[in-house]
1. For the range 1-133, rounded, prolate or oblate, judged on the Cα gyration tensor with a ≥ b ≥ c (square roots of eigenvalues), a/c < 1.5 rounded, else prolate if a/b > b/c?
2. Among Ala66, Pro46, His98, flag the residue with its Cα farthest along the positive direction of the charge dipole of the range 1-133, charges on Cβ as +1 for Lys/Arg and -1 for Asp/Glu.
3. Going by how many other Cβ atoms sit within 10 Å of their own, how do Glu87, Glu36 line up, fewest first?
4. For the chain, set up a Gaussian network in which alpha carbons nearer than 10 Å are linked by springs, and say which option among Lys164, Lys120, Lys83 fluctuates the most.
5. Treat every Asp and Glu Cβ in the range 115-224 as -1 and every Lys and Arg Cβ as +1, leave all other atoms uncharged, and give the resulting dipole magnitude about the Cα centre to the nearest 20 debye.
6. How big is the chain by the Kirkwood estimate over distinct Cα pairs, in Å?
7. Restricting everything to alpha-carbon atoms, can you work out Rg to Rh for the range 21-70 with a Kirkwood hydrodynamic radius?
8. Using +1 on the beta carbon of Lys and Arg, -1 on that of Asp and Glu, and nothing else charged, what's the dipole of the chain about the Cα centre, debye to 20?
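Every number in this text was worked out from the coordinates using simple rules, so none of it is lab data. Note that the coordinates shown come from a computational prediction; the quantities given were computed from them, not determined experimentally. Cβ coordinates were reconstructed from backbone atoms using ideal geometry, including for glycine residues, and neighbour counts include every protein chain displayed.
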Amino acid sequence: MSKPLPGPGEILALVLDLDVPNARFEPLAESLSAREHARRRSFRDPEHGRRWATGRGLLREVLAAAVGIQPREVVIRYGDHGKPRIESNEGLEFNLSHSGTLALLVLGLCPVGADIERHKPRRWADVARRFYAPGEQEQLFAPPEAGQQARFFRIWTCKEAFLKCTGEGLGRSLRSYQVKLFDGGASLAWAQGVEASEYSVFPIDPRPGYSAAAVALGRSLVLRRREWS
């Protein structure tokens, strides 16, 4: 199997299943650090803890394959706002997001962000009125009404992926930038403090009942999806 590395001008997206059989889970769990095992035990729901550990083990497995080391040898560091980075000489950047039984892992040779959301019942219209920029609300509440919930999650995942790409997290207001949807894709219309055209935005349809997105710092990038099991 070839290394899971993005090529020039592209970012790599992997949709990962978090519900795996014991025979698959056990080697993933063995690669975790003591701190990661402690985090798994901190979950009140053991099933949620197992899924988190599966995602973490798969992250280690993919990163190890990318840079040519063993999963337990992967060292992950965190920036001031919690953005993770791997210690390697590949110039590799990554971001991981998980929701429900799926995770999205995005790899790039530039800063990247990932977000995945299961379509859970929520008062999404109220959330949008509170957190979306005016232009996003205009797109969201435009007819047809039947497509509004899907547009909500598409905008939301793009916005979250942008925050993870910049590494600003809660330090940036969700109203300080705008995602623009168009047929088959999305872009960053404007963003305070940065040049919006420098970012590439990729909505992703991972599975029915889920929305996801990847954002990368770079123009004219291409998204390539890859299977990992």
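1. Details: a/c = 1.77, a/b = 1.18, b/c = 1.50.
It comes out oblate by the Cα gyration axes.
2. Comparing the listed Cα positions along the dipole, Pro46 ranks first.
3. Numbers: Glu87 10, Glu36 18.
Taking fewest neighbouring Cβ atoms as first place, the list is Glu87, Glu36.
4. Sorting by GNM fluctuation, first place goes to Lys120.
5. On the way: 16 positive and 12 negative charges, 66 e Å.
Roughly 320 debye for the range 115-224.
6. Values: mean 1/r = 0.0549 Å⁻¹.
For the chain, inverting the mean 1/r across all distinct Cα pairs yields 18.2 Å.
7. Details: Rg = 11.0 Å, Rh = 11.1 Å.
Radius of gyration over Kirkwood radius for the range 21-70 works out to 0.99.
8. Details: 33 positive and 27 negative charges, 112 e Å.
That gives the chain a dipole magnitude of about 540 debye.
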